[in-house]
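Participant: Sharing a structure, written as structure tokens. Questions coming.
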Amino acid sequence: MKKLSTILSLLCIAASLNAQQKASQSWAPVKGKISTPWADELDSKNVLPEYPRPQFERSNNWKSLNGLWDYAIGSKTQKPNINQGKILVPFAVESSLSGVGKTVGKDSLLWYKTTFTVPSTLKGKEILLHFGAVDWRTTVTLNGKEVGKHEGGFDPFSFNITPFLNKSGAQVLTVEVWDPTDDGPQPRGKQVKKPEGIWYTPVTGIWQSVWIEGVNRAHVDHIKTTPDIDRSTVEIVPFAENIAAGDQVKISAWDGKNKVAEAMSDGKSAVQLKIENQKLWSPANPFLYQLKIELLSGNKVVDVVSSYFAMRKTSIGKDANGIQRMLLNNEFVFQYGPLDQGWWPDGLYTAPTDKALKFDIDKTKAMGFNMIRKHIKVEPARWYYYCDLEGMLVWQDMPSGDLGNRWENRPGVFDHQTDQKRSAESEAYYRKEWTAIMETLHNFPSIVVWTPFNEAWGQFKTVEIAKWTKEKDPSRLVNTASGGNFHPVGDIIDLHNYPHPAMPSPDYFGKDYALVLGEFGGLGLPIDGHVWQQKNNWGYQSFKNNTDLYNKYAEFVKRTEYLIKIGLSAGVYTQTTDVEVETNGLMTYDRKVIKFDEAKLKEIHSKLYQVPVAISK
């Protein structure tokens, strides 16, 4: 009997291994486009295995659901059999790394299905199902019952799936997605159904990690952390779920193994931690304090979460000539970095691996930049985590959308000032998504600027939206409309000028707003064998060799030095990498060729941070 049991066990193991091997063989990247070096490292059985939420971590109570799922593309009127093939989650269906490479469009739905088991280590826990991001309208079903819906392509969401779980064994998860791309009023960034120029391939469906997490019924759902370096304090608001009278949340701050502050909360009220001898976070010294959050019920610890924060301040203040300057920790720091689209030739919105995700940040720092403007896209939490670790300042754009509405003249101080007139539906989607993005990203110290609008794309109710953004988060600067229609609101006036550097007039704007160059450059150099397509690539000014490219760029940097002296606070060079038909990146789209000598860039960039600017105290 024992021998028979052993044989059956071996047969089961062999069958399982055979099934895994077949599943692995059923996936391969779609051919025909360039790919990054990390595409070859991608393991379809172990996709993006890193913990997705490093700033709010329960590292032992989770399970990734990334991997090969069944998929189908069908009509909006009838649910298909979800058996058209395998898709590699979390890569968008249009991407090469999804293994599918098909478009969906507004008249169809994308369906996913997978099965999973809940680990025995999570027995007795409440089970939360997390989605990092899905574009755009998502309906989630578990074991044949609808769990919930979500609208939004750039914000994480989760459901408590405990009531929907089978008591044991396999759990069948189905996800339905509808995404109208640029045929809808929702925020959608730079994706369009007919890519060309500065507009890129559609991104539909799951594009960030999917995972389950086990929590106690009473648990801390999230926290909000806001530093105040002028008072040497950090305010922390815990948001606890299902707590009983008398339950408390203990919050402690740590410098390595040394506890520096501690306070108790009732699970919903803010606490102030006094940070003596505070260590300030900056690009030169990106120091992070560790946080420990413990939920106590009857003096018993029922939930523990690890997090971190930084003591840093972003503000504006006048220099000796009365011109407003962007300040970091009450000192002028010239902020200079690339426009970063965050696109990948093989994964579109999604980096192939965590190493790839970090690569762009590391290279940006190695080139001597201290800032990144995250352009019309939101990244996974781990990207911002790496910016926090590396001391990289981040300007965060709101993904644009609804570019098709008519324009409406609105009176103001600038003759060319106009706003779009959006529908109530469009405005509601914008406000909901921007709120979710700001709330989700609030705790990352690297983010120092919010940008609600870019180049008048969908720009509406500008004064109202800028004031609302500032009220939502007064701890950060608001760049109302980067390169868009200027309105007398916010902290920054932002000019786009191609190709050479320029700046808003110090005499006209400088007394009220910090002056920045939100985009310039765009110097192009197509590299044969590393382009999205062989013909019709472009840059704002194109070159045939690296030497001429560098010499022109060096001229621009020298000009920028002068602009700093007369009032410029920041500059953004277009751009980190080539993207699709744009060949104006510091690197090629596949990240295999860096077009500049990194050491030479770092040397000339260092001079930008040495221009003396005295701030009035």
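Participant: I'd like the trypsin sites (Lys or Arg not before Pro) in region 256-332 restricted to DSSP loop residues with at most 12 other Cβ atoms within 10 Å, sorted by number.
Facilitator: Those that pass, being in a loop and sparsely packed, are 257, 268.
Participant: Going by average Cβ neighbours within 10 Å, how do the peptides 372-382, 351-361 rank, with the highest at the top?
Facilitator: With the highest mean Cβ count within 10 Å placed first, the list reads 372-382, 351-361.
Participant: Using 10 Å bins from zero, what percent of all Cα-Cα pairs in region 562-617 falls into each bin?
Facilitator: Percent of pairs per bin, in order: 20, 37, 27, 14, 3.
Participant: State the dimensionless ratio Rg/Rh of the chain (Rg: radius of gyration of Cα atoms; Rh: Kirkwood radius).
Facilitator: Rg/Rh: 0.97.
Participant: How much length is gained if the chain between residue 547 and residue 606 is pulled fully straight, taking 0.36 nm per residue apart and subtracting their Cα-Cα distance, in nm to one decimal?
Facilitator: Gain on extension, residue 547 to residue 606, equals 19.2 nm.
Participant: In angstroms, what radius of gyration and Dmax does region 481-617 have, counting Cα atoms only?
Facilitator: 16.5, 55
Participant: Further, regarding this structure: Report the Cα centroid-to-centroid distance between region 562-617 and region 529-556 in angstrom, as an integer.
Facilitator: Distance between centres, Cα-based: 15 Å.
Participant: Distance from a point 7 Å along Cα→Cβ of residue 172 to each backbone N in region 46-77: keep the residues under 17 Å and list them by number.
Facilitator: So the set is 69-72.
Participant: Quick one: what Rg and Dmax do you get for region 275-322 from the alpha carbons, in Å?
Facilitator: Taking only Cα atoms of region 275-322, I get Rg and Dmax of 17.7, 60 Å.
Participant: Taking 7 Å along the Cα-to-C-beta vector as the label spot, tell me the residue 143-residue 471 distance in nanometres, rounded to one decimal.
Facilitator: 4.5
Participant: For region 43-120, what log10 I(q)/I(0) values come out of the Debye formula at q = 0.15, 0.16, 0.17 1/Å, with one point per alpha carbon and no solvent?
Facilitator: Debye output, listed in q order: -0.63, -0.70, -0.76.
Participant: Something else about it: On each of the three principal axes of the Cα atoms of region 356-515, give max minus min coordinate, whole Å, ordered largest first.
Facilitator: Extents along the principal axes: 45, 39, 29 Å.
Participant: Further, regarding this structure: I need the peptides 328-341, 578-591, 213-226 ranked by packing, meaning the mean over residues of other C-beta atoms within 10 angstrom, with the highest value on top.
Facilitator: For the peptides 328-341, 578-591, 213-226, the packing ranking is 578-591, 328-341, 213-226.
Participant: Let me spell out the model: positive unit charges on the Cβ of Lys and Arg, negative unit charges on the Cβ of Asp and Glu, origin at the Cα centre of the chain. What dipole size does that give, in debye rounded to 20?
Facilitator: The calculated dipole for the chain is roughly 1240 debye.
Participant: In square nanometres, what is one fourth of the surface area of the convex hull spanned by the alpha carbons of region 19-174?
Facilitator: Mean shadow area of the hull around the Cα atoms is 10.5 nm².
Participant: Can you give me the distance in nm between label points at residue 593 and residue 528, each placed 7 Å from the Cα along the Cα-to-Cβ direction?
Facilitator: 0.9
Throughout, read-outs are computed from the coordinates displayed, never taken from laboratory work. On a predicted model such as this, the values are computed, not experimentally measured, just so you know. Quick reminder, even Gly has a Cβ in these numbers, built from the backbone with ideal geometry, and neighbours come from all protein chains shown.
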